[in-house]
Structure formats: structure tokens, C-alpha cells
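**Q** Right, I'll just put the structure down here and ask away after.
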Amino acid sequence: MAIITYREALNQALREEMGRDDRVFLMGEEVGVYNGAYKVSKGLLEEFGEMRVVDTPITELGFAGVGVGAAMVGLRPVIEFMTWNFALLAIDQVVNAAAKMLYMSGGQYPMPMVFRGPNGAALQLSAQHSQDFESWLAHIPGLKVVTPGTPYDAKGLLKAAIRDDNPVIVLEGEMLYNTKGEVPEHDYIVPIGEAELKREGSDCSIITNGKMVLVAMNAADQLAKDGIRVDVVDLRTVRPMDVEAIITSVQKTNRAVVLEEGWEIAGIGAQVVDYIQRECFDHLDAPVIRVHQADVPMPYAKGLEKLAKPDLQKTIAAVRKVMYLD
Amino acid sequence: MPPKKRPDPRALPGDPALRRELFHSMLLQRRFEEKVGEAYALGKIGGFCHLYIGQEAVSTGILSMLRPDDYVITTYRDHGQALARGMSPRAIMAELFGRVDGCSRGKGGSMHLFDRNLNFLGGHGIVGGHVPVAAGVGFAIKYRGGDQVIVCFMGESVVNTGAFHEALNMAALWKLPCLFIIENNKYGMGTAVERAAAIKDLDRRADSYQGMHGEHVDGQDVFAVREATERALEICRKESRPALLEIRTYRFMGHSMSDAVSGTYRTKAELDEQLKRDPVWMLKARMLEAGDCTEADVAEMEREIKTICQDAWDFADASPEPSAEALYEDVLVDTVS
Amino acid sequence: MATKVFMEALSPTMEEGRLVTWLKQEGDAVKSGEVLAEVETDKAVMELTARGDGVLRKQVVAAGTTAAVGTLVGIIAAADEDIAALLGGAAPGGATSAAPAASAPAVATPSVPAAPAPRAAAPAAPAAPATPAGRALVSPLARRLADESGVSLGAVQGSGPGGRIVKRDIEAALARGPVASSPAAPARASAPVRTGEAFEDIPLTQIRKTIAKRLSESIGPIPTFYLTAEFDLSRVAEMRTAALAIGDAFKVSFNDVILKAVATALTQHPDVNAHWLGDRIRRFGSVHLGMAVATDDGLIVPVIFDADQKGLRAISAEAKALAKKARERKLKPEEFTGSSFSVSNLGMMQIDQFTAIINPPEVGILAIGAIEDKVVVGPDGGFTVQPRLRVTMSCDHRAVDGAVGAAFLQTLRRLIENPLLLSF
């Protein structure tokens, strides 16, 4: 199996799906001539032409709406936001149009489309460019929301998203684009809504997703040196969430740490903890602890930014706490 | 040399049969909306309900010029256009009543009438939000190499939204077959157009976009609307270019059923003045004058339309409420392609 | 090992039960599931079954005794087991709450712990950590493991934050020594569900709604008790005959006489002629006597105002007029509001006696039964036949104590058995 980057995995997914179905097109800022702000769409304009790889003006609300309209009449748009921070300008199209069209038309207009782009903080991009929107989007019935954390999942989930007849949000990680992993050359998808047990242990569950999967895996490595064996549950999809996978793991380990990139209040982790308290109450040996971003806009200064982000040390500390070790 | 022949000012475009059809369409909208008002007052219809009374020449004028495979998208004031597009009064009324036989299975209501068979892409509730969607339909038409047109109705207050500019810019940039219709009924809810838009002739917004045709027209004259539409459609369909029409009309009712007809924002005198240019009765007078029909013919048509509206009511009333299972249906489809 | 037998909640609403008969005697061998005793619930006589094997060693409660749900009524144990300690034991913690009134199954089972109840606060275990309220800190998992393995949490030292008992503490306790097993929880019997019954929904008329509202207000928050007395109406009968002899104009019914007597008695018992107003009791200077009248639409209670100041003839005439108006639905609101005490009479419908529901904010109502000739033993030991009447007074205990109600009935008896007093 080839070792490729997350970026290349996404590129392969787009190329394969555009080759497979000519109703699929990619639209967004800098996706064509520039080869993509993060080079995810590299080479696609050359291969598929400007009708299918469409550079837009800087007009998020506008081109998100174009995607909605095209999906209504049978195309399968992939709308790229240069980052999800900019997608706030288009949130009306995502929430009021794409997520609701099927329902308010009484089932007449499915919305087979994808909104994708990098989500969350990178490095020192400060407040307006360092936000995680997964809980915002996961809140909306009518959407599916996936958060691939590895190159394998990135390709498999994006392909599944493009083939899905519902609006699917793909939240990528800017910091993940250069990460590498094994990705099959053959056609495959990762089913939406299925978590994966990325690492198996018996002492504590770390339930996480997206960019935080790497943090959790590192934490598991570190903890293993102290003999602590950790289950790492990668949700992969945050809507619909694989509740069964969460329950299975927590009932086995009796302890859980929920690790997420976003803010605490009404975050994804709050939902995970709700499932745990409902389904695993009599299995818990300790209160569930959440690790998340500090409840502040992202600061610019390097030291402050590190303090604000969920990281390896905070995750290890949380695991030790639910293990009653500290 | 004989004197140059001047056109007879009383002569009407089209043949009498077409004119009767136009009148029938407009009168049906008028009487249907009156029936809707009655049902709303009796609590049969809930929520927001925006009537089309006063603007019938716009919907009939434009939609009578379209092909069945063209697309239509509109705002929450959508009953008139749905009727003029040919949606069944029964399906509309049942939707307003929130019943399973409604065009959107009772899930959408007054603001969200959809009919896939008529390429009627719905009434949309966020002012401006559907204009980029129309551009997307235009994009899809061009993507597939078709010669359809998407007609996008909007109220005049939309021209001040960012979505309007973003959509028209892309439509012009990419040469999309979009006919944007500004139904200028003078008021965005209770705010007069001149208190909201820093431009007098709204069709001049077209000048901002290279190659976009713009024109304004009297919206109470169904023939004038049709002529302007014909010119615009020619540009959209033949040249794959967008066009913008400002159709000047007037809303005889309040913004919605829960709003006053007149009051702080417009006077009764103004309303009375506008009522003299009622598009339905102006057309009737011209048809009587042209000898297209008699008062007895109109009375007969009124009877027939009354029956249609009552039948729609009875049908809606008899249609079942959606079952509890329907609550969770249509959130997502369980198919993949 | 011993099994305590508790009074069980054998109906959803049962709070106590009368042990009617012991079907097993002390010394009898019993098997789990065998019927130990018959218990009379608030609804029926039910069977109390054994939940353990052994010998019925002790009938803690004798036949005929009423015991609250959760009360220890017997002990099943091995023949030679020492049960002295168990006999001193109290009811299991939360036994009553284990049988919530709203639970649908017909039989709710109080927990029957064989070992010292792990869930109860553990007073004997000084090692157990506790919150200020006295509750032990135990992780949900540890609590479940302790339950399953029979470890007494009271004997476990918690190692978690604040002394919380966590999984490893239970594991350590298990490693230290063997523990007894707990019995499996008995299965709940589910009530049969009836479906497909034919029924008809009748819309509520306004008067029916008002009756329902006001009377449920009464039976709900009003702590009502009932006093029944039987009166001799011989002299009332004689008085009626005598009055009729004077002329038709003096014709009065038994009911008229009773109304007059009640009004008169109330003047002597102002505690009964009163309204309960939540934060105060209002006594009335006059008697405004409500009289329940059945109409086609339902019950309505027109009022004879100042009944205490009215003569028998006036009361008779007014009662008749009000009853007629009520049946014709012609009563004005001011004619059926403002009563200070009410009387309800179902005697004409051959009801021997009944209890009436208080019409709040009144604090009492008198229910009048049928007059019936009865053979009674006279003062001389011989038998006589008397027309006798049973009345039952419903009293709001918040305002009227038993003795107060009884005193009122004593006065009423005196008046009715000596109607001549009514003219004084």
C-alpha cells in the first residue's frame, strides 16, 4: 500500500469520483488555475476542464448557493471553502437551504452535495482563522458531518461523501494535509457514520475525532510506557455519531476522556458525554473528563496559543485523572 | 401616399383565447388568495401566510411565456406563481392546511411550495437566499448544455442584499441563463423601497454587470409584462446571458396575514389610488372593450373558479394530517449514487 | 441464609395491607414462590409469596394486623439459623419507594437483600467516606460491582478523590476474602393489557367541567373525614301530619324540616358554618344553606340565604322554587354561589347513606339518606318501629376536628328528634 499525504488522499478522492461520475464538479476559490489554496485540487483543472473545476470570485454565500441550485437539479457539486472560517458568510446556504430542502419540499429535492475545506486552528493564524465549527454543523438535522483524521479516512470519507445523496460536510485539518499514511490505490470508501477503534486498550477510552486523533494516538503511546492501555475511538463522523462504538468501548474500560478540538460549551464532547452518561452510567468508575480548546478566541502569541489548544499533555493528564493516578 | 397607419390603441396582443386564458389565470389567483385569507381567518391555515393579491399580472405575464422544462424559483410569497405555473389548487390548499396531500406533504407550508414535476423549485423564506440558488440552476443548465431558463422571482428588497449581488455577478461572469425578476411592490414589509435602496430604477442594478440586460415595466399590465419577458427570455435562452426585469406592481394586502393592509407605512389614500389600477379588473375592462367576452362570460368564469377554490378547500380539509412517522421522514435520503 | 418477608405492595396504589391469614405456620418448610399468607390490599385479597427457601421461622406480624408496605412480617431461614439479629432489623431502606404508586405492573417488589443492605447508608462502617449528607461516595461502576459480588460498601475504604470508592477498591475487597452472593432480583409480573374495548367519548358540558374541577379540588387537597349518625324521625313525622291538618299551606317535606334543623344547628356551631380560605377560616354570621339539586345537566347547588332567620314555611317555599329553577336552568349565578354549608339529599333515590364531596371553600357537607322504617329496641326493652334517617357529614379536617363535627351532629340530632325546638 502506498504511503501518501492526507492532501494527496483528498486529491485522489476528487479525481476518482470526478472520473467516475460526470455530474460531480468542484467549485470554490482558487481551486482551478491556482491548483487550490492548499493544493488539494492540484491538476484537476487540467484533467477535467473549467466547467468542472470552477474558480469563483470571493463570494462564499454566492457560490455555496450555486452549489445548492446545481444539486437541486441533478448535479453533484463539491463546494470548497478555502477555510471554514469563511464559510460563515455562506452559513445560510448550508443551514437554511442545503440542510432543509429535502424536508421542506416533502422529499422532492434531495441535495447530493459536499461542502468541504480545512477546519480548526493551524499555527498562529489568530482569532478569525482558527476556529473549529464541527459542533455548529453537527447541530443541524439534514446534514452529515465527517472529520477524517488520517489519509486513509480522508480519501474514503470524501469519496463516500461525494456518493452520498445528502449534503455532507467534510471538515479537513490544515495541519493534517502533510501527514502521511497508508492509502490503498484501489477504490474504497469509509462508510459515513462508522467510528473506528484506532487503538485497543482496557484501562481508559479516549473518544475523539478529526485532527485530535493524532494527539490521542500520541497520548496512548506515552501512557503505554506507564503500563496504561488506552482505547482510542475515532468517531470519524460526528453526525450521525456511532454511539454503539462509544458505548462498547466505555463499557469495557469504565473510564473515558473526550478529546475535541473545539470549544467546551455545547461542543461535540458534550454530546458524547451525554451518550456515555445515558448508556454507561453503571459502568463508570470516574466522571468523564473533556479536553478541549480554552474558552477564548484563539490568541496569536505562540505561548498563549499553545495554552489555548487541547494537546498531548492535557490529554495524558486527563487520562491519569480518570484512572485516579494523580 | 397614405397616412402612416397608427396602431389601434384598443387593440390587444394575442388572440381572444389566449387573453381569456390569461384572465382566467389571474382571476383564479385572486379568488384563491381570497379563499386562503378566509381559511387563515378560520384557523385552517397557520404560520406566516403572504398573499399575492394585486400582483397577479406579474406571475401570469411571466409564467405564461415559459416552457414546461424551464425552471422557476421564488420567495415565500409563492401561491400566485405556483398557480400560474399550473400547480393544482388542491395541492396548494392542502399544503397550506398542513395535510399529506399538500405539494410538500405538509412539511413546507405557505412559504415552501415545491413541485418537481413542474420544475417549481420552491418558495424560499430567507430574503435573498434563493437568488444564488437560481444562479446554481443556471450553472447546471449551462453545465449540461441545455437551453432552459431559470426564472427567479424576488421582492424589491432583495436588491439590497449581498446574496443578490453575489448571484448576479456570477450569473453575468459565467453567462448563465437566469432571468431575475424583481417584483417591486413598493414595500419590503413596511419599509418603502426609497427608504431602503439607494437607487431609483432598480433595473439599473443590471448595469453593474457586463452584458446583463435590464428593463423595468408596468407590472399591472399583463401584456407589458409578457412583452418584456419575451425580450428577456430571448437573451437568456438564445445568448445564454442573464437578464434583470423590474416589474412595478403593488401589494393590495398587508405583508402577511398578520400585518395591517395600511397604517404607519402607507396611507389608505395611497392604497385606494393603487386599487384603481387593479391588474385583474384592468384586463377585464380591456377584454370587454375588445369584445373578447361579455359580463355574462365573466360571471360564468367566476362561478367556475369559485367551484375550483371551494373544491380545493374541501379537498384540503378532507386530506389527512401527516402521520407521526412522517416527522422523521425526509430529513435525509438513504441512497448513495 | 435468611430471607426477610416484608409486606409487599401488591397493588399499584397499596400503601399498607392487612395480613388476613398466615397459610404457613412457624416451623413449616417453605420454598421460594410458595404462598405464605393472604393480604388484603386496598383493592383485593392477594397472595404474599415466599422469596427464599427454608423454614418460616417467625410470623413477625399476627393475622389480622395491618402493616405498612415494607414492614417486616416474617422470617424465612434455615431451621437452625440464628435469626435474633434479624428480628431487631428495620424495614429495608426505600421499600415503600420501591413500589411507586404510578408503576404499571401489578406487583412491585421491594428489594430483599440477604446480606446487610449495601445501598442503605452504612452506619456501622466508620471507614466509609460520606458526603455531609451522609451518602457514601461510590462510583456507579463500583456500586454495581459491589451489588453483583455482595461486597458491603460500608466495609470498603475508598481510594478515589474525597474517599470515593472506585472499581479497584471493590477488587481489593474481593481479593481479601470470600463474600456471600446476592439473590437475583425477582421478575416483575406485568399487568395484562386490555385492548380493543368499545367506548364512547362524551364531550364535557360546562357544568360537568365545573363539577369535576371543584369536586376534584375537594377530594384532592382536602383532608376529609366522615361522621355518620342515624336519627329517629318519628316526631318529625308527627309534626308534618299535625301541620298538614292545619291546612295545605303548612305542608312541609321531611327535607324542609332537615334543612331548617341544619340551619338552626349551624347557628350554634359557627366552626362548621365556615369557609377555608387557605390562610384563614371565615366564619359566617348567617347561614347560607346550599342544597344540592340534580338536574339533567348535572349537579347544581342553589343557596337559601339567611336560612337560619327563615321559618320552616319560607324555607320550604324557597327550596321548592330553587329546585324548580335549577331544573329549568334558570338559576342566576348569585343564586348558586355564596353558600356557607351544604346539604345533599339522595333519600328520594333510596340511597341508605352516602358520603358527599365538600364544595370548597366550605368545610362541611351533610349527606342525607333515605328514611326507612326500622325496628328498634325501645327504652323499655320492647320493639318499636321508627322512621329512621342516616346522615353522613363530610368534614374538612383543616378547619373542623372530629369532635367539632360530632358536636354539630349531636345538636342536629336533638333538633330533628325534637322538632318542636325548631320553633323556639
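The values are calculated or read from the model by the stated rules, or taken from the named source; none is laboratory data. This structure is a prediction, so every number in the text was calculated from the model and none was measured. All Cβ positions, even for glycine, are placed from backbone atoms using ideal geometry, and neighbour counts span all protein chains on display.
**Q** With respect to A:G262, determine if the residue is more than 14 Å from chain C (Cβ to nearest Cβ), small (G, A, S) and in contact with a helix residue (DSSP H, G or I) (Cβ under 8 Å, 6 or more places away or on another chain). Steps first, please.
**A** Values: more than 14 Å from chain C (Cβ to nearest Cβ): yes; small (G, A, S): yes; in contact with a helix residue (DSSP H, G or I) (Cβ under 8 Å, 6 or more places away or on another chain): yes.
In short, yes.
**Q** Farther than 27 Å from C:D147 by Cβ and modelled with pLDDT under 85, is that true of C:E26? Walk me through how you get there before you give the answer.
**A** On the way: farther than 27 Å from C:D147 by Cβ: yes; modelled with pLDDT under 85: no.
For C:E26, the condition - farther than 27 Å from C:D147 by Cβ and modelled with pLDDT under 85 - is not met.
**Q** Let me ask something else. Can you find a residue that is outside any loop (DSSP other than H, G, I, E, B) and modelled with pLDDT under 95 anywhere in region A:182-200?
**A** no
**Q** I'm checking my understanding of the structure. Among residues of region C:299-315 that are touching a residue at least 24 places away in the same chain (Cβ under 8 Å) and in contact with a Ser or Thr (Cβ under 7 Å, 6 or more places away or on another chain), which one is farthest from C:L422 (Cα to Cα)?
**A** Among them, the one singled out is C:V301.
**Q** Is there a residue in region B:121-130 that is surrounded by fewer than 22 Cβ atoms within 10 Å (Cβ to Cβ), within 11 Å of chain A (Cβ to nearest Cβ), modelled with pLDDT of 95 or more and within 17 Å of A:Q108 (Cβ to Cβ)?
**A** yes
**Q** To continue, here is another question. Restricting region A:57-74 to residues that are closer than 19 Å to B:G122 by Cα and either outside any helix (DSSP H, G or I) or out of contact with any helix residue (DSSP H, G or I) (no Cβ under 9 Å at 6 or more places or on another chain) (or both), which is nearest to the other protein chains (Cβ to nearest Cβ)?
**A** The qualifying residue nearest to the other protein chains (Cβ to nearest Cβ) is A:V73.
**Q** If you scan region B:167-214, which residues turn out to be among the acidic types (D, E) and surrounded by 19 or more Cβ atoms within 10 Å (Cβ to Cβ)? Full working, then the answer.
**A** In the first step, residues of region B:167-214 are kept if they are among the acidic types (D, E); the result is B:183, B:194, B:201, B:203, B:207.
Across region B:167-214, the qualifying residues are B:E183, B:D203.
**Q** So which residues in region A:32-56 are β-branched (V, I, T) and more than 10 Å from chain B (Cβ to nearest Cβ)? Spell out how you get there, then give the answer.
**A** Start the filter on region A:32-56 by keeping residues that are β-branched (V, I, T), which leaves A:33, A:40, A:53-54, A:56.
If the condition is that a residue be β-branched (V, I, T) and more than 10 Å from chain B (Cβ to nearest Cβ), then A:V33, A:V40, A:V53 are the ones that fit.
**Q** Right, next: Among A:P112, A:P77, which is assigned by TED's automatic domain parsing to the domain that holds A:E172, within 30 Å of B:E95 (Cβ to Cβ), in a strand (DSSP E or B) and touching a residue at least 12 places away in the same chain (Cβ under 8 Å)? Please lay out each step first, then the result.
**A** Details: A:P112 fails: in a strand (DSSP E or B).
Just a single option satisfies the conditions, and that option is A:P77.
**Q** List pairs: first in region C:148-174 and touching a residue at least 24 places away in the same chain (Cβ under 8 Å), second of a type in the set (V, I, T) and surrounded by fewer than 24 Cβ atoms within 10 Å (Cβ to Cβ), Cβ under 7 Å, 6+ apart or cross-chain?
**A** C:S149/C:V179; C:G150/C:V179; C:V151/C:V179
**Q** If A:I189 satisfies every condition in (1) within 14 Å of chain B (Cβ to nearest Cβ); (2) crowded, with 22+ Cβ neighbours inside 10 Å; (3) β-branched (V, I, T) but one, which is the exception?
**A** Failed condition: (2).
**Q** So, restricting to helices (runs of 4 or more DSSP H) that lie completely within region B:1-115, which ones have at least 3 residues that are crowded, with 23+ Cβ neighbours inside 10 Å and within 15 Å of the chain's Cα centre (by Cα)? Working first, answer last.
**A** Numbers: elements: B:16-41, B:56-63, B:79-85, B:89-96.
Once the helices (runs of 4 or more DSSP H) in region B:1-115 are filtered for at least 3 residues that are crowded, with 23+ Cβ neighbours inside 10 Å and within 15 Å of the chain's Cα centre (by Cα), what remains is B:16-41, B:56-63, B:79-85.
**Q** Pick from region B:313-337 the residues that are among the hydrophobic types (A, V, I, L, M, F, W, C) and within 14 Å of chain A (Cβ to nearest Cβ): which of them is nearest to B:S88 (Cα to Cα)?
**A** So the first thing to find is which residues in region B:313-337 are among the hydrophobic types (A, V, I, L, M, F, W, C), and the list is B:313, B:315-316, B:318, B:324, B:326-327, B:331-333, B:336.
With the extra rule that they be within 14 Å of chain A (Cβ to nearest Cβ), the set shrinks to B:326-327, B:331-333, B:336.
Working: B:A326: 23, B:L327: 25, B:V331: 25, B:L332: 27, B:V333: 26, B:V336: 32 Å.
Only one residue tops the list, namely B:A326.
**Q** If we keep just the residues of region A:76-102 that are within 9 Å of another protein chain (Cβ to nearest Cβ), surrounded by fewer than 24 Cβ atoms within 10 Å (Cβ to Cβ) and in contact with a strand residue (DSSP E or B) (Cβ under 9 Å, 6 or more places away or on another chain), which is farthest from A:R239 (Cα to Cα)?
**A** Among those residues, the one meeting the criterion is A:R76.
**Q** Is it the case that some residue within region B:206-226 is out of contact with any strand residue (DSSP E or B) (no Cβ under 8 Å at 6 or more places or on another chain), among the β-branched types (V, I, T) and assigned to a helix (DSSP H, G or I)?
**A** Scanning region B:206-226 turns up at least one residue that is out of contact with any strand residue (DSSP E or B) (no Cβ under 8 Å at 6 or more places or on another chain), among the β-branched types (V, I, T) and assigned to a helix (DSSP H, G or I).
**Q** Continuing with this model, one more query. Which ones in region B:107-120 are more than 7 Å from chain A (Cβ to nearest Cβ) and farther than 21 Å from B:L63 by Cβ?
**A** Taking region B:107-120 first, the residues more than 7 Å from chain A (Cβ to nearest Cβ) are B:109-111, B:113, B:115, B:117-120.
Answer for region B:107-120, where residues must be more than 7 Å from chain A (Cβ to nearest Cβ) and farther than 21 Å from B:L63 by Cβ: just B:G109.
**Q** Within region B:185-202, can one find any residue that is at the interface with chain A (Cβ under 8 Å from one of its Cβ atoms), within 25 Å of B:C49 (Cα to Cα), in contact (Cβ under 8 Å) with a residue 24 or more places away in the chain and under 21 Å from the mean Cα position of the chain (by Cα)? Don't jump to the end; show me each part of the working.
**A** Residues of region B:185-202 at the interface with chain A (Cβ under 8 Å from one of its Cβ atoms): none.
Scanning region B:185-202 turns up no residue that is at the interface with chain A (Cβ under 8 Å from one of its Cβ atoms), within 25 Å of B:C49 (Cα to Cα), in contact (Cβ under 8 Å) with a residue 24 or more places away in the chain and under 21 Å from the mean Cα position of the chain (by Cα).
**Q** Consider B:E273 carefully, then state whether it is charged (D, E, K, R), surrounded by 11 or more Cβ atoms within 10 Å (Cβ to Cβ), more than 14 Å from chain A (Cβ to nearest Cβ) and over 21 Å from B:H79 (Cα atoms). I'd like the intermediate steps shown before the answer.
**A** On the way: charged (D, E, K, R): yes; surrounded by 11 or more Cβ atoms within 10 Å (Cβ to Cβ): yes; more than 14 Å from chain A (Cβ to nearest Cβ): yes; over 21 Å from B:H79 (Cα atoms): yes.
Yes: the conditions hold for B:E273.
**Q** Then there is this: Can you tell me which of (1) more than 14 Å from chain A (Cβ to nearest Cβ); (2) farther than 16 Å from B:P16 by Cα is the one B:M287 doesn't meet?
**A** Condition not satisfied by B:M287: (2).
**Q** Please list, ordered by first then second residue, the pairs with beta carbon atoms under 7 Å, 6 or more apart or interchain, first in region C:386-401 and under 20 Å from C:S253 (Cα atoms), second of a type in the set (A, V, I, L, M) and assigned to a loop (DSSP other than H, G, I, E, B).
**A** Once the first residue is under 20 Å from C:S253 (Cα atoms) and sits in region C:386-401, its partners that are of a type in the set (A, V, I, L, M) and assigned to a loop (DSSP other than H, G, I, E, B) give C:P387/C:L233; C:R388/C:L233; C:L389/C:L233.
**Q** I've got another one for you. So which of B:Y76, B:Y52 is without any contact (Cβ under 8 Å) to a residue 60 or more places away in the chain, closer than 21 Å to B:N185 by Cα, among the hydroxyl-bearing types (S, T, Y) and touching an Asp or Glu at 6+ places or on another chain (Cβ under 9 Å)? Talk me through it step by step, then tell me what you get.
**A** On the way: B:Y76 fails: touching an Asp or Glu at 6+ places or on another chain (Cβ under 9 Å).
Unique residue meeting the criteria: B:Y52.
**Q** Could you say which residue among A:Q251, A:Q271 is among the polar types (S, T, N, Q) and within 14 Å of another protein chain (Cβ to nearest Cβ)? Working first, answer last.
**A** Numbers: A:Q271 fails: within 14 Å of another protein chain (Cβ to nearest Cβ).
The match here is A:Q251.
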